[in-house]
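Shown next, in structure tokens, is the structure this report addresses.
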């Protein structure tokens, strides 16, 4: 089971690969997630087939059917099942996706930020962190240094990244040299 901030609930997963999908659904603000939500029965080449997707999630108000399988485990049967799901989803205005991998830099960044997704800004550092960026982007270490409790300022900065109040380019590894922006000042691809 994994707790999601966005749904305020626990959600089942059958593998660590599926757990990563839940992490990303949480980050993207899924408002509802159901594990193995239904079984689709369909006919292919005169035979009745059955497939149960891994998740049904509401993302940006749209139901999204999700199958998760590492690329090395994707077999023709799964692709046929996903195609049948795709036809069903299209007829209902839903989205459908097959997750086969996770780019390392974005996943590592989101995974780090989730540890701080419930942090408390007990010293009120959040406003100061945002104010420091009014003059333009700063490296993460420059942004978070100079506070009485640097560990807390770093946690609050990651909380603000989780909440999209700060932005970085997630196409690059997240570390002390990462440039942090106010969301309205970031124009590059890969922003969060």
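The values are calculated or read from the model by the stated rules, or taken from the named source; none is laboratory data. Here the structure is a predicted model, which means the values were calculated and not measured. As a convention, Cβ positions derive from the backbone with ideal geometry for all residues, glycine included, and neighbour counts pool all protein chains shown.
Values for this structure:
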| item | result |
| --- | --- |
| Hey, residue 131 more than 30 Å from residue 51 (Cα to Cα), without any contact (Cβ under 8 Å) to a residue 12 or more places away in the chain, surrounded by fewer than 18 Cβ atoms within 10 Å (Cβ to Cβ) and not assigned by TED's automatic domain parsing to the domain that holds residue 24 or not | yes |
| Residues that are more than 14 Å from residue 80 (Cα to Cα) and either modelled with pLDDT of 95 or more or out of contact with any strand residue (DSSP E or B) (no Cβ under 9 Å at 6 or more places or on another chain) (or both), drawn from region 47-59 | 54, 55, 56, 57, 58 |
| Selection status of residue 53, in contact (Cβ under 8 Å) with a residue 40 or more places away in the chain, farther than 24 Å from residue 165 by Cα and touching a helix residue (DSSP H, G or I) at 6+ places or on another chain (Cβ under 7 Å) | no |
| Region 68-86 residues that are closer than 18 Å to residue 101 by Cα, paired with ones that are exposed (fewer than 11 other Cβ atoms within 10 Å of the Cβ) (beta carbon under 9 Å, 6 or more apart) | 69/75 |
| Members of region 142-158 found to be surrounded by fewer than 19 Cβ atoms within 10 Å (Cβ to Cβ) and under 13 Å from residue 181 (Cα atoms), listed by number | 142 |
| Residue identified as in contact with a strand residue (DSSP E or B) (Cβ under 6 Å, 6 or more places away or on another chain), outside the structural domain of residue 161 (by TED's automatic domain parsing) and under 26 Å from residue 167 (Cα atoms) among 64, 39 | 64 |
| Flag if residue 70 is surrounded by fewer than 12 Cβ atoms within 10 Å (Cβ to Cβ) and within 25 Å of residue 172 (Cα to Cα) | no |
| Residue ID - farthest from the chain's Cα centre (by Cα), chosen from residues in region 49-76 that are closer than 17 Å to residue 13 by Cβ and in a loop (DSSP other than H, G, I, E, B) | 52 |
| Yes/no for residue 110 being in the same structural domain as residue 175 (by TED's automatic domain parsing) and within 17 Å of the chain's Cα centre (by Cα) | yes |
| Helices (runs of 4 or more DSSP H) contained entirely in region 89-192, each with at least 2 residues that are at pLDDT 90 or above, over 30 Å from residue 15 (Cα atoms) and in contact with a helix residue (DSSP H, G or I) (Cβ under 8 Å, 6 or more places away or on another chain) | 125-132, 140-144, 150-162 |
| Selection count, region 5-21, where residues are touching a strand residue (DSSP E or B) at 6+ places or on another chain (Cβ under 7 Å) and either in a helix (DSSP H, G or I) or at pLDDT below 90 (or both) | 4 |
| Verdict on residue 86 being surrounded by 14 or more Cβ atoms within 10 Å (Cβ to Cβ) and in contact with a strand residue (DSSP E or B) (Cβ under 6 Å, 6 or more places away or on another chain) | yes |
